Amino acid sequence: MAKAVRMMEDNLTLCDAVVFVLDARAPASSFNPKLRDLVKNKPVLYLFNKADLADGRADGLVSLLKENGKNALKFSANYSGALRKLQEAMSALVAEKSRRLKEKGSARPMRFLIAGVPNTGKSTVINLLSGGKHAQTGDKAGVTRGKQWVKCGAFELLDTPGTMPPYFENQKFARRLAYVGSVNDDILEYDEIALALLEELFATYPLGLSERYGITGGEPLEMLDQVCVRRGFILRGNEYDYERGERALVDDFRKGKLGKVCLDNPDDCAEIGLI
Ligand code: GDP
């Protein structure tokens, strides 16, 4: 954590503005409040990415951020028209600074850091902006020694995403990050995550569960039974293959097969300091 924060601090000093990529299905959970402290007074655009997997509640949160004076954009890096929409929002973010520099006779490009917790789509966004010129897609530390900039029209981007560690201090947010795939699967307790996901989805988005698995209620473990039955994950001796059921459930959720969602609400945004 300390190293990531130091690297982020170094990188931030070189940039004029920051695009903080959030997951539109869990925007509060994918916000690390440490970043806001690091950014200090530089302009930030909160990009609600993967909006193709999120429902109208995400729109509500974008509006909420805007009402609170933040720059926020509902976005899907996979959609046509995405590039232009993002370029416009980024231009607006640095318009004031760019104008001031021009008045002083400087024509240097505006520099951006694309930051966020893992798997929110930072590399995809960098590739989109750079037209694929950006070489690195992983977050491997130490790949690049000096700072490298990718030219993207009127902007320059740091060629490696600023990856922030997830904010693990709150279990609710940590679990939601796990559902959407922003926590390394190796360190996940899949059974816990799957059962918690069933409980949370049944409370907020029961339709997806009933349509895909015929779930109409019950304790989380009973719902998992239903997943196994519907998917045919039955072992010899008629036991349920819970491991396969858990993975299938999480996978279905991540791919949007249980419907579009937004798990965080305005209170969550306030709680984590996003508004
Ligand atoms: P990073 O770890 O933040 O750099 O994330 P990546 O750019 O590697 O993206 C993680 C995954 O999310 C990849 O499989 C991308 O294809 C996918 N992804 C990125 N943007 C979107 C989006 O807008 N919608 C959807 N559905 N998937 C996306």
Report task. May I ask you to evaluate 6.51 cos²θ - 1.76 cosθ + 1.60, the Karplus curve with θ = phi - 60°, for each residue of the stretch 65-70 and list the ³J(HN,Hα) values in order in whole Hz, giving x for glycine and proline? Result -> 4, 4, 4, 8, x, 9
Query raised in the report: Once amide H atoms are built 1.01 Å from N in the peptide plane, which residues 5 or more positions from Cys152, or in another chain, come under 5 Å H to H?
Result: Leu157
Report summary line: Under the Karplus relation with 6.51, -1.76 and 1.60 and θ = phi - 60°, whole-Hz ³J(HN,Hα) for the stretch 240-249, x at Gly and Pro, equal 7, 8, 4, 4, 5, x, 5, 5, 5, 4
Query - Hydrodynamic radius by Kirkwood, which averages 1/r over all alpha carbon pairs of the chain, in angstrom - result: 19.9
Query raised in the report: Looking at the stretch 125-275, how many pairs of lysines come closer than 30 Å at the Cα, when each pair is eight or more places apart or spans two chains?
Result: 9
Query - 15 Å beta-carbon shell around Cys228, net charge (K/R +1, D/E -1) - result: -4
Report summary line: Amide H contacts under 5 Å for Lys74, restricted to residues at least 5 apart in sequence or on another chain and with H modeled in the peptide plane, are Phe48
Report summary line: Protection proxy (average C-beta count within 10 Å per residue), highest first, orders 208-219, 117-128 as 117-128, 208-219
Query raised in the report: Taking the DSSP beta bridges in the chain as the whole, what percent of them are antiparallel, to the nearest 5?
Result: 20
Query - Other-chain or far-sequence residues with amide H under 5 Å of Met110's (modelled H) - result: Glu156
Query raised in the report: What ranking do 90-98, 27-35, 220-228 get when scored by the average of other Cβ atoms within 10 Å per residue, highest first?
Result: 27-35, 220-228, 90-98
Query raised in the report: Kirkwood hydrodynamic radius for the stretch 216-257: how many Å is it when counted over pairs of different Cα atoms?
Result: 10.5
Report task. Give the shape of the stretch 187-253 as rounded, prolate or oblate, defined through the alpha-carbon gyration tensor: a ≥ b ≥ c are the square roots of its eigenvalues, a/c under 1.5 means rounded, and otherwise the shape is prolate if a/b is larger than b/c and oblate if not. Result -> oblate
**Report entry** Charge dipole (debye, nearest 20) of the chain; +1 at Cβ of Lys and Arg, -1 at Cβ of Asp and Glu
**Finding:** 1920
Query raised in the report: What angle do you read, to the nearest 10 degrees and between 0 and 90, between the alpha-carbon axis of helix 190-204 and the longest principal axis of the chain?
Result: 90
Query - Burial order of peptide ranges 71-78, 99-106 (average beta-carbon count within 10 Å, highest first) - result: 71-78, 99-106
Query raised in the report: Residue by residue through the stretch 262-275, which ³J(HN,Hα) values in whole Hz follow from phi under the Karplus form 6.51 cos²θ - 1.76 cosθ + 1.60 (θ = phi - 60°), with glycine and proline marked x?
Result: 8, 7, 8, 10, x, 4, 5, 4, 5, 4, 8, x, 6, 10
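Values in this text are rule-based calculations from the coordinates and carry no lab data. Since this is a predicted model, take the numbers as computed values, not measurements. Using ideal geometry, Cβ is built from the backbone for each residue, glycine included, and neighbour counts are taken over all protein chains shown.
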